[in-house]
Amino acid sequence: MPFLPTAPVRIQPYFGYRNRDRLQITARALRSRVRKFEKRGRWRAAKTMISQFASHEVAEFPVELEIARAGGESRRHQGLTDKEGFVHFDIRLDPDWDYDAHPAWETVVFHWQVGDESQCLDAHVLAPGTDTGLGVISDIDDTIVETGITGDFRKVMRNWRRVLMQMPEERILVPGADVFYNALGGGEVLAKGTGHAGDRQPATHRPFFYVSSSPWNLFSYLVTYIRGRGLPLGPIALRDWGLNRATFGSASHGAHKRTAIEGILATYPEMKFALIGDDSQGDLTAFAAIALDNPGRVRAIFIRKVGEAMSAEEIDAKTRLQAAGVPLWLGNSYDTGHRFLSSIGLLADEEAKAIVDSVEASDPVKAK
């Protein structure tokens with residue numbers, strides 16, 4: 001039973017992204033109140049988290065998106081939410097919008113009506129820069145945080161206390177992830193203030209994108225976690241969950257991630273990408289398939305080891321990646337991953353001088 005079914009309709013925007021000729025962003029219409037993720041007792045924490053999952057979606061609700069290029073006039077585009085409350089905008093930019101020299105967050109504005117009152121809310125779209133040659137696509141679950149909400153139904157139930165009772169500040173950062181991720185692209189710099197359509201703010205040096213099998217209900221929670229840990233902020237591709245095999249089947253995790261990653265690669269055909277994941281949900285096999293199906297597009301693959309022995313599929317994926325010349329790091333510490341960054345030339349020269357520059361010394365796969 002949804003909470004607050006008569007609460008005013010609000011719009012939950014998600015981060016969007018664009019290239020020179022197309023802008024994509026999604027939002028969701030909900031009847032719920034915005035709750036802060038504050039550590040104020042277990043019952044309040046549980047109430048906050050339950051409200052994220054018990055949201056009341058609003059179908060067939062009209063939403064407008066206002067966009068503007070820097071210094072240009074704004075335009076509004078009409079949208080209508082689907083049965084799950086989502087509204088997806090995929091807008092052709094005509095004429096093309098150029099990039100700034102460096103990656104930037106661009107402000108767009110959602111508009112909607114609540115009775116006779118007009119409502120609006122800022123959202124943000126990531127645009128790479130003319131100097132951008134490499135982007136980063138990262139998993140979230142067990143890569144930067146152990147979420148406990150993906151996997152089969154038994155795993156979800158076993159971790160219910162962690163999901164419902166812990167606020168973002170209480171979750172444990174994977175050791176070394178902040179240093180490793182900031183070496184790749186820099187920390188989060190997106191301000192929370194309001195603005196106007198077309199306003200811009202600096203983004204990380206290398207654009208970051210996150211893909212996860214977690215539900216869209218946890219978007220705000222994950223953004224709060226990423227901000228609080230000083231990790232690079234970027235668009236997050238999550239899933240609409242249901243209590244069915246499509247949600248909890250192990251194969252669905254890899255399929256979702258692969259679809260999301262291939263969409264990003266298709267949006268930026270001129271860019272290469274580093275892929276970061278873990279071995280708990282088949283990231284190695286999924287990433288290998290992407291790299292082999294898109295020759296020259298994947299600069300390196302980083303897999304954090306959290307499980308036991310490699311499966312036959314993972315061993316085969318590793319062999320095929322090595323044959324294709326795609327750098328692969330497999331390790332349980334981002335300290336060695338940081339050294340691997342240096343060895344394959346993904347750090348600036350001044351950073352590389354301070355780090356071991358041998359793949360054999362840093363990559364446990366090659367060291368064997």
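Go ahead and run the numbers for FRET between N332 and Y99, Cβ-Cβ distance against an R0 of 45 Å, rounding to 0.05. Write out the running numbers ahead of the final one.
Numbers: r = 37 Å, r/R0 = 0.83.
For R0 = 45 Å, the calculated efficiency reads 0.75.
Each of R22 and A309 was given a label point 7 Å from its Cα along the Cα-to-Cβ line. The distance between the two points is 4.4 nm.
Highest first, please rank the peptides 74-84, 272-282 by the mean number of other Cβ atoms sitting within 10 Å of their residues.
The packing order, highest mean first, is 272-282, 74-84.
Rounded to the nearest 0.05, what FRET efficiency do E73 and A289 give with R0 = 41 Å and r taken as the Cβ-Cβ distance? Could you check?
Working: r = 44 Å, r/R0 = 1.07.
Taking R0 as 41 Å, the efficiency between E73 and A289 is 0.40.
Once fully extended, how much extra length lies between D316 and E270, figured as 0.36 nm per residue of separation less the alpha-carbon to alpha-carbon distance?
Contour length minus Cα-Cα distance gives 13.7 nm.
Over 21 Å apart: what share of the alpha carbon pairs of region 69-140 falls there, rounded to a whole percent? Within region 69-140, distances greater than 21 Å cover 44 percent of Cα pairs. Each of L126, G72, A104 was scored by the projection of its Cα onto the charge dipole of region 67-140, and the greatest displacement toward the positive side belongs to G72; charges sit on the C-beta of Lys, Arg, Asp and Glu.
Could you tell me the calculated FRET efficiency between L80 and H196, based on Cβ-Cβ distance and R0 = 22 angstrom, to the nearest 0.05? Rounded to the nearest 0.05, the efficiency is 0.35.
A simple packing score, the average count of other Cβ atoms within 10 Å per residue, orders the peptides 260-268, 133-141 as 133-141, 260-268, with the highest score first. Taking Cα centre as origin and charging only the Cβ of basic (Lys, Arg, +1) and acidic (Asp, Glu, -1) residues, the dipole magnitude of region 273-327 rounds to 300 debye.
Every read-out reported here was derived from the displayed coordinates using simple, explicitly stated rules and does not represent laboratory data. Quick caveat, the model's predicted, so the values are computed rather than measured. When we count neighbours, we look across all protein chains shown, and the Cβ atoms used for this are built from the backbone with ideal geometry, even at glycine.
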